1. Tell me which of these Val121 doesn't satisfy, since it passes every other one: (1) of a type outside the set (Gly, Ala, Ser); (2) assigned to a helix (DSSP H, G or I); (3) closer than 22 Å to Gln43 by Cβ.
2. Arg96 passes all but one of (1) in a helix (DSSP H, G or I); (2) touching a strand residue (DSSP E or B) at 6+ places or on another chain (Cβ under 6 Å); (3) of a type in the set (D, E, K, R); which number fails?
3. Restricting attention to segment 177-213, report how many residues are in contact (Cβ under 8 Å) with a residue 60 or more places away in the chain, more than 13 Å from the chain's Cα centre (by Cα) and more than 13 Å from Gly255 (Cβ to Cβ).
4. So which residues in segment 149-175 are in contact (Cβ under 8 Å) with a residue 60 or more places away in the chain and farther than 23 Å from Asp133 by Cβ, if there are any at all?
5. Go over the candidates Arg136, Arg161 one by one and state the one that is assigned to a helix (DSSP H, G or I) and either closer than 24 Å to Pro29 by Cβ or among the aromatic types (Phe, Trp, Tyr) (or both).
6. Can you find even one residue in segment 100-118 that is without any contact (Cβ under 8 Å) to a residue 40 or more places away in the chain and of a type in the set (S, T, N, Q)?
7. What about Arg73, is it at pLDDT below 95 and crowded, with 18+ Cβ neighbours inside 10 Å?
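The values are calculated or read from the model by the stated rules, or taken from the named source; none is laboratory data. Keep in mind that this is a model prediction, so the values were computed, not measured. Please note: Cβ atoms are built from the backbone with ideal geometry, for glycine as well, and neighbour counts cover all protein chains shown.
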Amino acid sequence: MKIIDADAHVVESAHTWDYLEPSEKQYRPVSLESREEAGVKLQFWLIDGKVRGLRFPSFSAAELERRSQQAGRKFADNQEAREMGNVDLRIEYMDRTGVDIQVLHNTIFIESVTDRPAVEVALYQSWNRWLGDIWRQSNHRLRWSCMAPILSISDALDQIRWSKENGACAVLMRPVEGNRLLCDPYFYPIYDEASRVDMAIAVHIANGNKWLNDLYDHPVRAAAGLHRFRVPTVAAFNDVLLSEIHQVFPKLRWGFIEASSQWLPWVLHEAKNRFKTLGREWPENVAREYGMFVTCENSDDLPYIVQQGGEDCLVVGTDYCHTDTSSDIDAIKIFRDRTDLTPQVKEKILSDNARALYGL
């Protein structure tokens, strides 16, 4: 059985932008950070004259351990492995935990970084080249989801084609892209190209609408992430399921990443009722027929979710690199030790479903 970590990450560093073209150097992000207080440094990217994109705080070793103990989950603590300064360290971790392949997603682009096409094209291309280099260094064990610059569709298609040839297995899309939802026909050329080259669409928790991010950035910081990132991802699953996309692109696969799976029975129940109202036939197996997959977490009620949503739609990941509610670098080991799922179901979630999603 080939074990797939369906949700891992890279944390961007100054090296990420070394792949910019000489003519694009003016777009290079600048790293900023605050003074350390109580073991925490706030970190930011200055992009095109503005603080944009997502960057997690930096924690001292003691503070990271304290947070790990408090959350009851283990976080990645090696900066070189998180930032891919040493790819071998990431591979060593995978070998220790029995993971054959990690699928890497970005960190910085979980929020929008620019409104200008030229800047987006330059930064996305540099990021994709960086990941292609990582894939080669890893002997093809670190696969990844490419960034397609939606502000310039022709460049997006070029980046999808290049990324496919250099280790990418998915195209990353945010649940909200500017003022557009994912069922907007504006994105159909991207879906068509992804389908043509056999790449999935990875809808990772994110929000590409600055107004919504500002709205949800309220004083209750612990609650903000649910509204800003997770709720839009759940809504995107519903939007795609109810749209015409599956008829237009019948071979296209979708992964909804890092929003847990506890919501899945509710959304499927709602969609089934709406299909009936619309006079549409409900698929016997949504995952198999519509190619839709969801990452689960060990805190989810998985026996219930498997019963209600089926065993063909779930994958699992560690969220390696991050320190939020989905992060646990031991998640796959813990999942393998579960006794409330059959070995056959566990094999599907650990391997078969992720291979089907990402075409591995």
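1. Exception for Val121: condition (3).
2. With (1) in a helix (DSSP H, G or I); (2) touching a strand residue (DSSP E or B) at 6+ places or on another chain (Cβ under 6 Å); (3) of a type in the set (D, E, K, R) applied to Arg96, the lone miss is (2).
3. Going through segment 177-213 one residue at a time, the tally reaches 9.
4. Arg174, Pro175
5. Answer to the selection: Arg136.
6. no
7. Taking the combined requirement at face value, the residue satisfies it.
Let's see how each residue does on (1) in contact with a Pro (Cβ under 9 Å, 6 or more places away or on another chain); (2) at pLDDT 90 or above; (3) not in a helix (DSSP H, G or I):
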{"site": "Asp192", "(1), (2), (3)": "no, yes, no"}
{"site": "Ala222", "(1), (2), (3)": "no, no, no"}
{"site": "Gly225", "(1), (2), (3)": "no, no, no"}
{"site": "Gly255", "(1), (2), (3)": "no, yes, yes"}
{"site": "His269", "(1), (2), (3)": "no, yes, no"}
{"site": "Lys276", "(1), (2), (3)": "no, yes, no"}
{"site": "Arg288", "(1), (2), (3)": "no, no, no"}
